[in-house]
Amino acid sequence: MPKYMIDASYSTQGINGVLAEGGSSRVAAVEALAKSVGGSLESFYFTMGEHDVVAIVDLPDNAAAAAIAMTVGAGGGLSSYRTTVLLTAAEVDDATKKSPAYRAPGE
């Protein structure tokens, strides 16, 4: 199953929710969210820096990842949200064996 890294930052509303309900409630919410589209939560960390949360999720496909992003984005609890597709070493090995046809601009 494909893996995705989610980086997110809370809005004021989201921070107030974490203060009221605690961090464990957010982990449970993301676990349920991933499960609702056929996936699972691998890891979840609160961070100090550019983002407030980093999560690694296993999801069936990009459509599931997009559905999560749209649903969470519409909720108002986050000020930023970014999904990054994660590739295994084997997937990169497969990519190196492909020969895409490409012509750079001006060539």
Quiz prompt | Check on GLY73, surrounded by fewer than 14 Cβ atoms within 10 Å (Cβ to Cβ), part of a helix (DSSP H, G or I) and in contact with a strand residue (DSSP E or B) (Cβ under 7 Å, 6 or more places away or on another chain) | solution = yes
Exercise. Show the residue pairs that are 6+ apart or on different chains and have beta-carbon atoms under 7 Å apart, the first residue being within region 20-32 and without any contact (Cβ under 8 Å) to a residue 40 or more places away in the chain, the second being not small (Gly, Ala, Ser).
Key: GLY23/PHE46; ARG26/VAL18; VAL27/PHE44; VAL30/LEU41; VAL30/PHE44; GLU31/LEU41
Self-check item: Answer from LEU41, LEU59, LEU19, LEU33 - the residue that is exposed (fewer than 12 other Cβ atoms within 10 Å of the Cβ) and out of contact with any His (no Cβ under 7 Å at 6 or more places or on another chain)
Solution: LEU19
Exercise. Out of THR47, THR12, report the one residue that is in contact with a strand residue (DSSP E or B) (Cβ under 9 Å, 6 or more places away or on another chain), exposed (fewer than 12 other Cβ atoms within 10 Å of the Cβ) and among the β-branched types (Val, Ile, Thr).
Key: THR12
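Modelled with pLDDT of 95 or more and buried (at least 16 other Cβ atoms within 10 Å of the Cβ): which single residue out of VAL85, VAL92, VAL53 fits that description? Explain how you work it out, then say what you get.
Working: VAL85 fails: buried (at least 16 other Cβ atoms within 10 Å of the Cβ); VAL92 fails: buried (at least 16 other Cβ atoms within 10 Å of the Cβ).
The match here is VAL53.
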Quiz item: Among the residues of region 1-49 satisfying the criterion of being in contact with an Asp or Glu (Cβ under 8 Å, 6 or more places away or on another chain), more than 18 Å from GLY73 (Cβ to Cβ) and part of a loop (DSSP other than H, G, I, E, B), which is modelled with the lowest pLDDT?
Solution: MET1
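The values are calculated or read from the model by the stated rules, or taken from the named source; none is laboratory data. Computed from a prediction, not measured in an experiment: that's the story for all the values here. Cβ: placed from backbone, ideal geometry, glycine included. Neighbour counts: every protein chain shown.
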